[in-house]
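What follows draws every value from the coordinates through simple rules; no lab data is involved. Not measured: the values here are computed from a predicted model. Here the Cβ is made from the backbone with ideal geometry for all residues, glycine too, and neighbour counts use every protein chain on show.
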Amino acid sequence: MPKLPVIHTPPPYVDSPNPLDGASADIRNEYEEMQALFEMQAPMVQHFLEAQARQIADAIVKKQSQLHFMLPDKIVIRNDAHGKPVSAAIPTELREQLLGGVISRLTGEDIRKALRQRLIELEGSNIEAVSTCACLIRHAAAVYMVHSLLPTGRRVTYVAPEGEEIPAQPAEDDQSRESAITAATDAIAEEGQEDEKRGELVVPYVPAARRFYLPQWVAFDEQSHLLVNSINEAEAHIASMQQFLFILHTAVSLAAYLVADPEYQQKRYGMLGQLVNQGRAFARFETEEMIRIIKHRAAAQDLNRGLSLSLPYFDDQALELRTHDFEVIPAGRILFVPAFVVRAVREEYAKVAQDTRLSPSTRKYLLAELSIFEEAFEHLVKTPKTHQGSR
């Protein structure tokens with residue numbers, strides 16, 4: 001299975017669907033002030049800033065090595081004492097901004113780092129119009145990523161099992177069980193392009209998928225059964241959810257006050273719970289597949305040359321699938337017996353239980369997978385019978 005990208009999301013975790021949880025009054029004020037400054041701009045300037053935001057977002061998402069954007073020729077920098085807007089021109093020689101290039105492509109430098117550095121330089125300018133414009137570019141790019149670049153999903157509520165930090169289990173809701181055809185958020189409506197008379201094709205989601213923020217990326221049900229056509233499709237869904245959170249994190253790295261944006265909070269809450277839930281289900285599905293394959297190969301006498309396992313698990317801090325590697329049978333001509341698996345798993349269970357590098361919830365689910373392995377092979381172990389009175 002290919003390694004998926006590591007994504008780190010900013011704390012704190014939001015444990016309720018209240019969109020302003022986790023945002024202090026100072027942060028909300030900063031967000032509202034920046035939004036007000038953006039709305040003070042003339043419509044043409046707003047459209048111009050939004051166009052530059054699209055270019056910036058595309059370059060970041062596509063991991064381009066070069067980024068080109070422009071500053072407008074004039075902006076409103078503030079209101080005067082009478083509440084009238086004060087405009088200021090931006091010097092022509094500072095309007096065009098070009099980042100990255102051949103060297104960045106060769107060194108693999110992240111364009112996000114270059115962008116943040118340039119915006120910091122522009123904000124430190126002694127020309128007020130340039131400094132203010134850099135703040136507006138930063139704001140427009142972050143807002144575009146959250147509001148326009150990412151799809152909006154269902155309104156959901158997740159709960160966190162006792163002792164866990166991240167709400168990732170959909171709350172029971174009778175409304176989520178309604179027919180997908182009767183609700184726009186429960187199905188994809190596709191208009192026919194070639195045949196306009198065909199109307200709309202409504203593709204319903206199964207009830208298990210409709211309990212999540214974006215049902216189109218749900219690959220497993222409550223029992224970790226595969227809902228899509230292949231494991232490759234499930235991997236693609238996991239990658240899409242990771243990319244969703246990557247974009248949210250990038251937006252906040254540009255404008256930290258965006259955590260006060262209700263749209264950001266709702267999207268992060270909805271997708272974080274969905275990714276953690278589906279990541280854990282993916283790991284359990286892969287674990288059960290590994291058990292099935294091992295039993296099949298053991299029956300075919302195809303495991304007599306050693307056995308090492310890479311047990312998948314979902315790290316809910318890094319938000320990625322990882323593997324826990326350990327040796328069951330050393331390489332060599334050693335006859336496979338189920339007792340070797342049981343012994344190796346019990347040894348790993350003790351090690352994982354004391355591994356403080358993992359979060360408590362990650363450790364909990366990894367231990368659960370080890371238990372599944374132990375139970376799958378424990379009943380195959382033949383315990384010798386003892387006879388009373390035997391010599």
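Stokes-Einstein at 20 °C, 1.002 mPa s, Kirkwood radius from Cα pairs: D for region 301-378 in µm² s⁻¹? Write down the numbers at each step before the final one.
Working: Rh = 13.2 Å.
Translational diffusion coefficient: 162 µm²/s.
Give the shape of region 53-96 as rounded, prolate or oblate, defined through the alpha-carbon gyration tensor: a ≥ b ≥ c are the square roots of its eigenvalues, a/c under 1.5 means rounded, and otherwise the shape is prolate if a/b is larger than b/c and oblate if not. Write down the numbers at each step before the final one.
Details: a/c = 6.02, a/b = 2.31, b/c = 2.61.
Oblate, because a/c is 1.5 or more while a/b does not exceed b/c.
How high is the relative contact order of region 299-360? Use alpha-carbon pairs under 8 Å, at least six apart in sequence, and give a whole percent. Mind dumping the intermediate values first?
Details: 71 pairs, mean separation 20.3, N = 62.
Computed value for region 299-360: 33 percent relative contact order.
From the phi angles alone, apply the Karplus equation (6.51, -1.76, 1.60; θ = phi - 60°) to region 334-339 and give each ³J(HN,Hα) in whole Hz, x where the residue is Gly or Pro.
10, 5, 6, 9, x, 4
Tell me which residues come under 5 Å, amide H to amide H, from residue 41 once H is placed; ignore anything under 5 positions away on its chain.
Here the answer is none, since no amide H 5 or more places off falls under 5 Å of that of residue 41.
Whose amide H sits under 5 Å from the amide H of residue 79, counting only residues 5 or more places off or on another chain, with H placed in the peptide plane?
Those lying under 5 Å, H to H, from residue 79 are 86.
To the nearest 20 debye, what is the magnitude of the charge dipole of region 301-378 about its Cα centre, counting +1 on the Cβ of each Lys and Arg and -1 on the Cβ of each Asp and Glu? Spell out each step's value before the answer.
Details: 9 positive and 13 negative charges, 44 e Å.
Magnitude of the dipole: close to 220 debye.
Among 358, 71, which comes first, second and so on when ranked by fewest other beta-carbon atoms within 10 Å?
Numbers: 358 20, 71 23.
Ordered from fewest to most neighbouring Cβ atoms within 10 Å, 358, 71 come out as 358, 71.
In this model, which of 63/267; 62/364; 84/113; 113/364; 267/351; 63/364 are farther than 28 Å apart at the alpha-carbon?
Details: 63/267 22 Å; 62/364 36 Å; 84/113 37 Å; 113/364 36 Å; 267/351 36 Å; 63/364 35 Å.
Table pairs above 28 Å Cα-Cα are 62/364; 84/113; 113/364; 267/351; 63/364.
So how do 58-69, 365-376, 134-145 stack up, highest first, on mean other-Cβ count within 10 Å?
134-145, 365-376, 58-69
Region 344-381: which trypsin sites (Lys or Arg not before Pro) are DSSP loop and have at most 14 other beta-carbon atoms within 10 angstrom? All intermediate terms of the calculation are to be shown ahead of the outcome.
Details: sites: 346, 351, 357, 363, 364; in loops: 357.
Answer in residue order: 357.
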